[in-house]
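Remarks on the structure that follows.
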Amino acid sequence: MSSTLTPVSQDPVSAERSVRTRKPSFAAWIGYAGIAAVLLLFIFGSPYFLTASNILTILTQASVFGIAGVGLAIVIIAGGDDVLNGGIDLSTGAVAGLSGTVTALAAASGTPGFLAVLYGVLVATAIGIINGISVTLGLRPLLATLATMGVAASLELVFSQNLKIAVTGGFFEAARSSVFLGLPLAAWLMVLVGAVGWWVYSKTSWGVNSYAVGQNPTAARVAGLDPRKYRLVSYVLSSALAGIAGTLLVARLSAAVPGIGTQILLDIILVAYMSMIFSRRRLVSVVGTILAAIFVAALDNGLTLLGVASQWVGAAKGLLILLVLASVTLRGRNNR
Amino acid sequence: MTTGSNELLNMRGINKSFGTVSVLEKVELKLRAGEVLGLVGENGAGKSTLIKILTGLYTLDSGEIELAGKVVSIRRPADAEALGIEVIHQDRHLAGRLTVAEQLYLGTSKSAGLWRNERKVQAAARADILRTTGQELDAAAFVDELSVAQQQLIQIARAVLAEPKVLILDEPTAPLANEEVEQLFGTVRHLRDQGVGIIFISHYLQELQSITDRITVLRNGKNVGDASFAAGDSIEDVIGLMLGNQVNEFSHQRTQASTNTGDPVLELAELSVHGKLNGINLTVAPGEIVAVTGLLGSGIEVLADAVTGNLAHTGSALLHGKAVTSAAGFVSRSGAYVPSNRHHDGIFLRNTVRENIAAASLHKLGRHLGLLDPRKEREVSKELVQRLDIRPANVEAIASGLSGGNQQKSVLARWLAKGSDVLVLDQPTSGVDVGSRAHIYAQISQLAQDGAAALVVSVDLEEVVGLADRVLVLYRGRIIAELPAGQASTEKILQLASSGQAAQNPLEEVNA
């Protein structure tokens, strides 16, 4: 029978069976061009922008949402970047605020600085464990973390009685002002978190597996991986890193300011998602998050230096999110 | 069938049901080491379920699996893998943004480590793929940049690298071109000679003829016998086993549309969907029921979506002489679409039956200024619930509580309420009980007699034969035959659909 094969069996699929050439599309460059244009505007608009001390200020500012952003990036890596059903941790900002409040309260009641920080981070981690368990039980991340966000924000107000808690003492003073090899401590911490995060999520099997779990849980299960493990850990890490970021914020401001957590949430989400434009895979990445954090800090800083009223900063960031999403989306469409 | 001493796998008395629907009943499957066993059956015969049980994606209700003489328990994919059972799934489960190398070694010891050297891993992956499949693949490419056939290579290489005892290939050749099929067969024979037991599932009987030693046939979730091409059985014998003695459930006895009923209202011209459909031409006239059938993988899955504007296509689909470019455009020119995945695309599960029925005709059933008129909706719904025998006969019942058949009848009722005169029905009775089927068939026939045009896309051969005035057979993305109702039989259609040609004189029936 096979000798009488008619031309009918011509396979319609065979026309497209070569690897498509991989070149960066036009849309890919829109994002980079936007970033470059903004930076050039600042450099030429303000002589102060590119000075060493201003750059250190930018890095210090970037460290808070850079570190918390890496945590969120890890959640998105292991949960997938679908905004509605994928990995997301809305509690991250509130957890940072709660951690800061706990730390400041402990320090104010005489606990040594290092221990106070540890308490803050432990409280944060506890919330991360709740998030992780909720999500692995099948609750939607968006709603589960919205719930814990409410809890954390409320606890912060209860503990602080809605008052600013000043921290004094050598430990926080040193954390704020000590400089090592030309970089402030906060910037070093961000570099450390970025480096370790990059190593784990780009260089180890844990990282590859996390990306696989995030993109296609079924494929991961078929390959013998358990998605729940990677997701649980991602939420714990996210909260722990948010906790560290919260204590850094306290050190920088010399006080725990109630409600600050919800203010930094948008920046954290922005930098985590913006990391996509620095990624060859069009995926969220650790290093991309650090770069995005530095860029967003520079944006805040540059707009202020140019004398743009602070009311406009939110609008500028909003437009930036749209630009990033458009760039990534268009790039994705071209590649598909 | 001999039970050799080197029996590798023995599945005994396997039962599985989903809810009240029994999918497998006392199914037996035996596989020897160094044997290629074909597993065949019509769509829905239970092949995939059986394989999912063997690979740990489903758990069996009762029955026993014996591997190399020992009874084993398979509850998760990892269990199957640990036992040396590897599967190449029909749905390719791949993570799109991993590189080929990462996907190939995902979850294996080769991907473990605290410092992956990407270049080294990619070189190893390239070599492994070349060794196991004989083909070159860029290991640094992302999985979603590859063609379907190339993605298949990753899965084959991955399965072979695991050095399995049992290798299952579920419709492995559907996305492959002829020379790639030959490559795959080479790999399969090589593994067989090394003593691997291979289960090969395919609709393409010709392929099975050249690769299998033995064939196990399932029908409606039961064993109906084994066959062997080597022992002299023919493709016709296997088809006979697959179809068995058909029970005719087409009691409505439709009078065939005798006279030609005028100009076509639905016309497809060179309709193509990239990689799936290739130059489909067909017309449907008022009063006519045209069925398109084919095996899964032939492009049949996407045809209805393409026709109704739900899927991008080239070529044209004309409804009442105007091109269909969007789903909304299709519906606004009195087209009706009953999609195959009714949970996903058809029914509003949390709404009532009345709301579901009225959904497409709110304008017609409503008052001025877009206000709703529940009273009128209820009247219309009540009448349709009676006419289609939707149960429970309560128009305010929530749709999710209805059985699959009644849900499907509700979707059909939606279009009856609107008075659409061109119907596109995709697998109208998949997962629908026999009683509801008869109602759905009767309604489709009634509509056609009243002058509507119906295009039925279905893989259910009895349905196609019993319902249609003309049957078109799809094979690998093309229409290869058109059979008028009098000449269409399930045997003939299956023959055409599974081999691309009829038993004799293949071109005689093609009078398109």
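The values are calculated or read from the model by the stated rules, or taken from the named source; none is laboratory data. None of these values were measured; they are calculated from a predicted model. Please note: Cβ atoms are built from the backbone with ideal geometry, for glycine as well, and neighbour counts cover all protein chains shown.
For every residue, the table says whether it meets (1) farther than 19 Å from A:Thr60 by Cβ; (2) surrounded by 24 or more Cβ atoms within 10 Å (Cβ to Cβ); (3) not small (Gly, Ala, Ser).
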{"site": "A:Ser238", "(1), (2), (3)": "yes, yes, no"}
{"site": "A:Ala255", "(1), (2), (3)": "no, no, no"}
{"site": "A:Tyr273", "(1), (2), (3)": "yes, yes, yes"}
{"site": "A:Met276", "(1), (2), (3)": "yes, yes, yes"}
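Does B:Glu102 satisfy the criteria of being at the interface with another protein chain (Cβ under 9 Å from one of its Cβ atoms), charged (D, E, K, R) and over 18 Å from A:Pro217 (Cβ atoms)? Lay out the reasoning, then the answer.
On the way: at the interface with another protein chain (Cβ under 9 Å from one of its Cβ atoms): yes; charged (D, E, K, R): yes; over 18 Å from A:Pro217 (Cβ atoms): no.
No.
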May I ask you to list the residues in segment B:481-505 that are within 14 Å of chain A (Cβ to nearest Cβ), surrounded by fewer than 24 Cβ atoms within 10 Å (Cβ to Cβ), over 18 Å from the mean Cα position of the chain (by Cα) and within 19 Å of B:Ile280 (Cα to Cα)?
B:Glu482, B:Gln501
Within segment A:171-198, residues surrounded by 21 or more Cβ atoms within 10 Å (Cβ to Cβ) and of a type in the set (S, T, N, Q) come out as none
Residue count, segment B:70-120 (criterion: in contact with a strand residue (DSSP E or B) (Cβ under 9 Å, 6 or more places away or on another chain) and hydrophobic (A, V, I, L, M, F, W, C))
10
Residue by residue through segment B:133-146, note down the ones that are in contact (Cβ under 8 Å) with a residue 12 or more places away in the chain and either surrounded by 21 or more Cβ atoms within 10 Å (Cβ to Cβ) or touching a helix residue (DSSP H, G or I) at 6+ places or on another chain (Cβ under 7 Å) (or both).
B:Thr133, B:Gly134, B:Gln135, B:Leu137, B:Asp138, B:Ala139, B:Ala140, B:Ala141, B:Phe142, B:Val143, B:Leu146
What number goes with the only condition from (1) in contact with a strand residue (DSSP E or B) (Cβ under 7 Å, 6 or more places away or on another chain); (2) more than 24 Å from A:Ala297 (Cα to Cα) that A:Trp188 does not pass?
(2)
When you look at B:Ala125, is it crowded, with 20+ Cβ neighbours inside 10 Å, more than 22 Å from B:Gly34 (Cβ to Cβ) and either away from chain A (no Cβ under 11 Å) or in contact with an Asp or Glu (Cβ under 9 Å, 6 or more places away or on another chain) (or both), yes or no?
yes
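Test B:Leu349 against the criterion of being touching a residue at least 24 places away in the same chain (Cβ under 8 Å) and more than 19 Å from B:Leu282 (Cβ to Cβ), and give yes or no.
Values: touching a residue at least 24 places away in the same chain (Cβ under 8 Å): yes; more than 19 Å from B:Leu282 (Cβ to Cβ): yes.
Spelling it out, B:Leu349 is indeed touching a residue at least 24 places away in the same chain (Cβ under 8 Å) and more than 19 Å from B:Leu282 (Cβ to Cβ).
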If we scan segment B:146-161, do we find a residue that is touching a strand residue (DSSP E or B) at 6+ places or on another chain (Cβ under 7 Å) and farther than 28 Å from B:Leu205 by Cβ?
no
Starting from residues that are in contact (Cβ under 8 Å) with a residue 60 or more places away in the chain and of a type in the set (A, V, I, L, M), keep the ones in segment B:147-159 and report whichever is surrounded by the most Cβ atoms within 10 Å (Cβ to Cβ).
B:Ile154
Looking at segment B:409-429, is at least one residue part of a helix (DSSP H, G or I) and over 20 Å from B:Ser334 (Cβ atoms)?
yes
So which residues in segment B:77-91 are of a type outside the set (Val, Ile, Thr), facing chain A (nearest Cβ under 10 Å), buried (at least 17 other Cβ atoms within 10 Å of the Cβ) and under 20 Å from B:Leu153 (Cα atoms)?
B:Glu81, B:His89
Return yes or no: is B:Arg391 surrounded by 15 or more Cβ atoms within 10 Å (Cβ to Cβ), charged (D, E, K, R) and within 30 Å of the chain's Cα centre (by Cα)?
yes
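Here is a yes/no grid of residues against (1) of a type in the set (A, V, I, L, M); (2) under 23 Å from B:Ala139 (Cβ atoms); (3) outside the structural domain of B:Ser458 (by TED's automatic domain parsing):
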| site | (1), (2), (3) |
| --- | --- |
| B:Val36 | yes, no, yes |
| B:Asp61 | no, no, yes |
| B:Ser73 | no, no, yes |
| B:Ala95 | yes, yes, yes |
Can you pull out the residues in segment B:3-41 that are charged (D, E, K, R), in contact with a helix residue (DSSP H, G or I) (Cβ under 8 Å, 6 or more places away or on another chain) and over 24 Å from B:Val196 (Cα atoms)?
B:Lys16
